[in-house]
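Before any comments, here is the structure.
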Amino acid sequence: MAEDSRAIVGVVCDRQTVDGVDYDAVRVRYLEALHLTAGVVPVLIPGGLTDKELRTCLLAFNGLLLTGAASNVSPSRYGGPKACASTLDLDRDRTSIAAIETALSLGVPLFGICRGLQELNVALGGTLSSDISEGEGRGVHVEDLSLPRDLQYAPSHAIVAEGNGHIAECIRRLNTNSVSVNTLHQQGIARLADGLAVDARSVDGVIEAVSVKEATTFAAAVQWHPEWFHVEDPLSGEIFRAFGEACHLHVKRKMLQP
Ligand SMILES: N[C@@H](CCC(=O)NCCCC(=O)O)C(=O)O
């Protein structure tokens, strides 16, 4: 029987403590979007792995997903102001930054969502704003927690595609240059890393999507949450299918290697 050549995609976990017990966890919606729309097999990457062990994982995997999370990237990673420990997830930071560097060096497809976009920017030398609403003319980008979850993840502001990166291409495949996306973040890109190109901005100037300039495969991230309506929303489907195709191409390329 032919080996199942479906791509395996590693998903970096959040470290959470519930009733004094530590968990490594990922929201199911991210895993469903990978499995059902990208058509790949998601596996969880726990915290605490050494860089060498992460490399072993990424040599075996065909893609990397960096999910959103309520926690923030530690400002110590980019020279930002000291933050309250309760808002941080240092295990996640360490694993994500190392996994990003390794995936890019190995040419493993990479997709970041919300916190994942912020991690990608920091991993490549960029900085973050701790509260993007403080910027001149900036709108509100945090979710309304008083709303039901589906309404928190409903489209809420327009973004406009720019450049020729993976996400900009997905937007233009919808025969448009502008779409409405959801928004559930307080932080955002302050200084864009040199190795990143902007794929989309919100109308108030927030960088909403980026692509890695020198990447030879899908290596991109978005500030919004395409996983939530990955079935219903056309752009979400385009992005996850494009990521899945890149992961399956990676499988084929590895099969052809001597
Ligand atoms: N904490 C950062 C990133 C925000 C983010 O990833 N939100 C996702 C919330 C839902 C989830 O946990 O998946 C910021 O505030 O900018």
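If I filter region 145-154 for residues that are more than 16 Å from the ligand (Cβ to nearest atom) and either over 18 Å from residue 69 (Cα atoms) or touching a residue at least 40 places away in the same chain (Cβ under 8 Å) (or both), do I get at least one hit?
No.
Suppose we keep only residues that are of a type in the set (A, V, I, L, M, F, W, C), open to solvent by 10 Å² or more (accessible area, probe 1.4 Å) and under 23 Å from residue 27 (Cβ atoms) within region 141-169. Which one would you say is farthest from the chain's Cα centre (by Cα)?
147
Where residues in region 191-229 are within 16 Å of the ligand (Cβ to nearest atom) and among the aromatic types (Phe, Trp, Tyr), which of them is surrounded by the fewest Cβ atoms within 10 Å (Cβ to Cβ)?
229
Given the criterion at pLDDT below 95 and surrounded by 17 or more Cβ atoms within 10 Å (Cβ to Cβ), identify the matching residue among 45, 132, 97, 113.
Going through 45, 132, 97, 113 in turn, the sole match is 132.
From the set of residues in region 160-190 that are within 16 Å of the ligand (Cβ to nearest atom), touching a helix residue (DSSP H, G or I) at 6+ places or on another chain (Cβ under 8 Å) and not small (Gly, Ala, Ser), which is nearest to residue 246 (Cα to Cα)?
Among them, the one singled out is 181.
State the number of residues belonging to region 230-247 that are touching a Ser or Thr at 6+ places or on another chain (Cβ under 7 Å) and surrounded by 20 or more Cβ atoms within 10 Å (Cβ to Cβ).
3
The values are calculated or read from the model by the stated rules, or taken from the named source; none is laboratory data. Since the model is a prediction, treat every value here as computed from it, not as a measurement. Cβ: placed from backbone, ideal geometry, glycine included. Neighbour counts: every protein chain shown. Keep in mind that these areas ignore ligands, DNA and RNA; they rest on the heavy atoms of the full protein, side chains included. Shrake-Rupley method; radii C 1.70, N 1.55, O 1.52, S 1.80 Å.
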